[in-house]
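What follows is one structure encoded as structure tokens, with my remarks underneath.
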Amino acid sequence: MENEVLLKALEKLFDEKLSSVYQQLDSINSRLGSIELRLDSIEKTQQTILTFIKEVDKEFYKVEETYKFMNDLKSVMSR
């Protein structure tokens, strides 16, 4: 009986002492959620930029090859 009363008193004391810690953890968790959303958005943006750069690089290569071909053709025709 005494042990149960002592246990209940300890639980109440811990709950009172830890309530502020729990509130801080809840606050941190809510901010963490918004940070995770922003991080996801940043990762999507980075992926979009990377895809764009790859496409531009392909197009640049095509233009460069066409330019070389045109110069070769021009030199052959001028002979």
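What the table shows:
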{"item": "Using alpha-carbon coordinates, inclination of helix 2-78 to the longest axis of the chain, degrees", "result": "0 degrees"}
{"item": "Separation in nanometres of the label points that stand 7 Å from Cα toward Cβ, at V63 and V76", "result": "2.4 nm"}
{"item": "Listed candidates (i) 14, 15, 14, 13, 11, 9, 8, 6, 5, 3, 1, 0; (ii) 20, 48, 21, 10, 1; (iii) 20, 58, 20, 2 - label of the one calculated as P(r) over Cα pairs in 10 Å bins from 0, in percent", "result": "(i)"}
{"item": "Per-residue [θ]222 nm for the chain (sum of -39500 (n - 2.57) over DSSP H runs n ≥ 4, rounded to 500)", "result": "-37000 deg cm²/dmol"}
{"item": "Computed label-point distance, nm, for sites T48 and S20 using a 7 Å Cα→Cβ extension", "result": "4.4 nm"}
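Values quoted throughout were computed directly from the atomic coordinates according to the rules given, and no laboratory measurement underlies them. Keep in mind that what you see is a predicted model, and the values were worked out from it rather than measured. Neighbour counts run over all protein chains shown; Cβ positions are idealised from the backbone, glycine included.
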